[in-house]
Every structure is written in structure tokens, then in C-alpha cells.
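Visitor: Here it is, the structure in full.
Read-outs throughout are calculated quantities, based only on the coordinates presented, and are distinct from any laboratory measurement. These numbers come from a predicted model, not from an experiment. Note: ideal-geometry Cβ built from the backbone for every residue, glycine included; neighbour counts use all protein chains shown.
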Amino acid sequence: MSADSDSMVERFRSRYLEDSQGESAVKQQHAALKRKRLIRRLSQSVLVVFIAVLLVWSLDMAGFWTEEWLQYWPEFVTALTQYFPLTAYFDLVPFVDVGQYYQFWVEEKLVGEAGITLAIALAGTIMGAPLALLLGILGNERVTPFPINFIFRGIMSIIRSIPSLVWALIYVPLGGISPVTATLAIGTDTIGELGRLLTDELEEIDDGPIEGVRSTGANKPQVITFGMITQIVRPFIAWAMFILENNVRSAVGLGIIGAGGLGVTLSIEQQTFKFTNMMATIMFIVLLVLSVEMISQRTRSYLRGDDDEEQLSLYQLIVGFPERMSNSLLK
């Protein structure tokens, strides 16, 4: 009886120790989770404070806290009435007088100006694409051994780091700010942008076709042509269409400084404070850019076979236009 009691007490003691150890482990895990949660909250709080301080500093450096721009607020409100002139349709419904916009489009022949803008973008894209392909291939380690391939990657990075607006200023000695220098600027920018994208595409291609072409006794140019380039034909066209979208917006920005096209018209109307005509020009720019984007989106969707992912609705194109326009001007 005594032996049974001792064994029972021992079992209870061991079970109690196991339960105690289990509770201790749970408490430790709970404490660790609380510490992690506290650290995460503190990190998030520090990040929010840092962003707030950075915002205040940035606004201060930009002169946002001065009262000068507030003094012009009434003038801006007055300009808004000229940006969007109102009229009463059917003598009942007040709405923006679209007729004034259309009349300006016809009088100033904005279709021709849009043709110049589109031509600058198209010519720059077509001129830059072959050199972009060449640098993209030379930047690939399969073609050019490391670290020599980084020379070509560095060239593309340097080109990309200089905005197209600055390239236009660099080409000024060739004939001032003109459609020619704008085309050269966009072409140069295309080399860096498209070349970098193609370099990434070449990193993802399969080695199988390359080895297959090489096994036939083909030389290096043939391996590059039939083993590598054939694998990126569709991505090349798709990315070129994407670059064309950006180049159209860049062409408008270059036109503002005198390179021709719709940008020149926009600049003239702004300088003469004809805000209704200025808004009419902006509306035409939106139509041009959205038309090019829709064609580009559909082309890329067809080439990549992902219509659902690649196609943007008209609403998304219109709502996202200001952000895409500003990004292109800042390149």
C-alpha cells in the first residue's frame, strides 16, 4: 500500500511539474509576443514621427509656410472660373462650356500640334530602341563577361539619371530648343530606360534555346540572335510601347520650354493668362495621351496574353493621368 501511495504521489508530482513547465513556457511565449508587439508599435511610432518631421522640413524648405502664396488665393479662385467657364445648356442646366474648348481646338488647329508632339515621341522611341537593345544585350553577363558588362549597365544608369528635359538642354548647341533636339533628347532617354528593362528581361530567359543553338555549332552572334533575342521579341515590343506612353508625356513637357507641339501652345496661353484656352489645350493633351495609352495597353495585353491584368479601364486611365504626367515630367 505504501509503495502504491509513493508511486501515485510521484506521478502527481511529475504531472504537476510538467503542467508548471507548460504554463511557464506559455507565459514566456506570451511575454515574447508582448515584447515584439511593443517593439513593433514603437518602431511604427518612430517611423510616423520621422515622416512627420521630414514633411515639415520639406515644406519649410519649399517655402510653404510663407504667406505669399496665400495672398494670391483670390486670384486663383478667379482663374478657376476661367479654367471652367460655365454656361446654361437648354437654358436650364449649368455646366462647363465645352463649346469654347472645341472652338479653340479648331481655331488653333491643335490636331496638327498634337501630330508634332506624337511625331517627336514616336521618332525618339524608334531611334532609341535599337541602341537600347544593343546596350541591353551587352549588359547581360551571358554575352559580356563580368565585370565588363557593368560598364554597359553603368552607361544606361547614367543616361537614366539625366531627365529628358536636361538632355534637351544638352543638345541646345545643335539648334536651340526645337523638335529636333526634343527628339534627340527623348531618343537618348529611351536608350537608358528601355535598355535597362531589356537587361532585366534577358536575365530571365531560358538557357535551353541558347544551348540548343550553340550545340548546332553556331557562332556567338548567331547564338545571341536566335537563342536570346528571339525570346524577348514580345517583351521588347511591349516595353517599347510602354516607353512610348511616357515619351508622349515627355514630349508635351519639352514643348513647354519651346520644343514644339502642344506644349508650346500650352505655354503661350499660360503666359498670356488665357486660362480658358489653357484648359482647352490641357483637355486636348489628355485626349492624346489617353488615346496612346489605350492603344499601348491593348497591344501589351495582346502580346503578353494577360488581358485581365494589363488592361486599365477608362476611369483608371483618367484618374491616374495626373500622376503619370508628373512622373514623366520629373524623369
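Visitor: So how far apart, in nm, are the two label points at Leu169 and Tyr302 if each is 7 Å from Cα heading toward Cβ?
Guide: Calculated label separation equals 4.1 nm.
Visitor: For region 27-148, state what percent of all Cα-Cα pairs lands in each successive 5 Å bin, counting from 0 Å until the bin that includes the largest distance.
Guide: 2, 7, 6, 6, 6, 6, 7, 10, 13, 11, 9, 8, 5, 3, 1, 0
Visitor: Can I ask one more? Which value, in Å³ per residue, describes the convex hull spanned by the Cα atoms of region 213-286?
Guide: Considering the Cα atoms of region 213-286, their hull volume per residue is 82 Å³.
Visitor: Looking only at Cα atoms, what is the convex hull volume of region 145-282 per residue, in Å³?
Guide: Dividing the Cα hull volume of region 145-282 by its residue count gives 126 Å³.
Visitor: Continuing with the same structure: Would you give the gap between the C-alpha center of region 91-116 and the C-alpha center of region 223-261, rounded to a whole Å?
Guide: Cα centroid of region 91-116 versus Cα centroid of region 223-261: 30 Å apart.
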